[in-house]
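The values are calculated or read from the model by the stated rules, or taken from the named source; none is laboratory data. All of these numbers come straight from a predicted model, not from anything done at the bench. Using ideal geometry, Cβ is built from the backbone for each residue, glycine included, and neighbour counts are taken over all protein chains shown. Surface accessibility is based on the protein's heavy atoms, side chains included, excluding ligands, DNA and RNA. Shrake-Rupley method; radii C 1.70, N 1.55, O 1.52, S 1.80 Å.
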Amino acid sequence: MSQILYLPVVRRKFDAKSAEAIMETTQKELAKYDVLGPKDALGDPTELSSYLGSINDQAISGIIFQNTTFTDAEFIQLVHRYYPTTPILLLAPREPSVHGWLRFNALTGIMSSGNYLASQHHPFEHIYGNPDEAAVQDKIKVFVEAAQVKSDLAALNIGVVGTYPPGFFFSDANADELSQTFGTTLKHYNIDDAFAAAEKVTGDDYDDQLAYADAHFDGLDTKADETTRYVKFATLMRRYQEKDKLGALASRCWPDFFDKYHSAPGAVWSQLCDEQLPTAMECDIHGALSMYILQQLTPNRDAIFLGDLSSMDPEDNSITTWHDYGAFSLANPKYGVKASVHPNRKMAVSLTWS
């Protein structure tokens, strides 16, 4: 599990006592996250280098580098050399007083650090302000969450069942580029093999998925052939998920589900999404990746919807989003989810929810 690294740096010829108070306030704010950092601020490059060397075996997803006072770019250069691609958030407190002794000069420090990182094309963000300011706290929160998701992507496996249907070229992805950019790996499965394997799933194996479906659908015929096929395929996908450690799924749907498997695919994907396996239809690999990112950024790994923008009305500034599947938890509790048929093919099981 990767951590966030907090690096407070200081030049002790400035107001080190006030800088220490800034660091302690920042540490209290960071206590809500999984953060690794030194007990005291690091006062020269030798101290920084020694500390970085002592934690070199730790997995770091992001770095919060705080100029509590001015420090030149020698400090951030060391961080860049230890972590050449790790995202960095630069912090610096406000100057305590405008007249009299220059107590921090931290703004010059953060500008020096940022200039060096920009020259090295190192990914970074920055914010100037004190750690008790809401804007600074929000920036830290967003950075930590984004850095952790970026780290998650490096271990993400996306299951790809079949290939994209005609007309959906955008659903494809270059596996090498995907791996280089995110670290994400694609696991491919043949759709016809999946249909054959799903047919062999027995009642004892799919009982859990059937019970889950029955608990979430209103008016579901649990004995119908289409229902059995749907929960069998959902069971198979969960097997794939467990076997290959899948975090998301992209699957071919039409026309194969209707023509070969004799069941509408919407209920399958709806159930998998509700069970926190984000699933994209039409073998949309980038869609599955986006769904996974959005799910990870929600507080409780909430289900995500992927839809088509099917209509625009500029007069009332509205957009209609459509798809024939969506996680059960996204439905209005007042109406719930009703078992239905696919709107075009008139084949079960699809769902109606508000």
Checklist entry - Out of the residues in the range 307-354 that are touching a residue at least 60 places away in the same chain (Cβ under 8 Å) and open to solvent by 80 Å² or more (accessible area, probe 1.4 Å), which is nearest to Val231 (Cα to Cα)? => result Lys338
Item to check | Unique match (being closer than 20 Å to Val349 by Cβ, over 17 Å from the mean Cα position of the chain (by Cα) and not basic (Lys, Arg)) among Ala280, Ala234, Ala196 | outcome: Ala234
Checklist entry - Applying the selection to the range 259-272, what residues are open to solvent by less than 10 Å² (accessible area, probe 1.4 Å) and in a helix (DSSP H, G or I)? => result Tyr261, Gly266, Ala267, Val268, Trp269, Ser270, Gln271, Leu272
Item to check | Matching residues in the range 1-43 - criterion: being more than 28 Å from Ala154 (Cα to Cα), part of a loop (DSSP other than H, G, I, E, B) and in contact with a helix residue (DSSP H, G or I) (Cβ under 7 Å, 6 or more places away or on another chain) | outcome: Val10, Ala41
Checklist entry - In the range 13-27, which residues are without any contact (Cβ under 8 Å) to a residue 40 or more places away in the chain and of a type outside the set (Asp, Glu)? => result Lys13, Lys17, Ala21, Gln27
Next on the checklist: Within the range 292-354, considering only strands (runs of 3 or more DSSP E) that don't extend past its boundaries, which have at least 1 residues that are more than 22 Å from Asp259 (Cα to Cα), in contact with a helix residue (DSSP H, G or I) (Cβ under 7 Å, 6 or more places away or on another chain) and at pLDDT 90 or above?
Outcome noted: 337-340
Item to check | Condition broken by Asp204, with the remaining ones in (1) within 25 Å of Phe168 (Cα to Cα); (2) loosely packed, with under 14 Cβ neighbours inside 10 Å satisfied | outcome: (1)
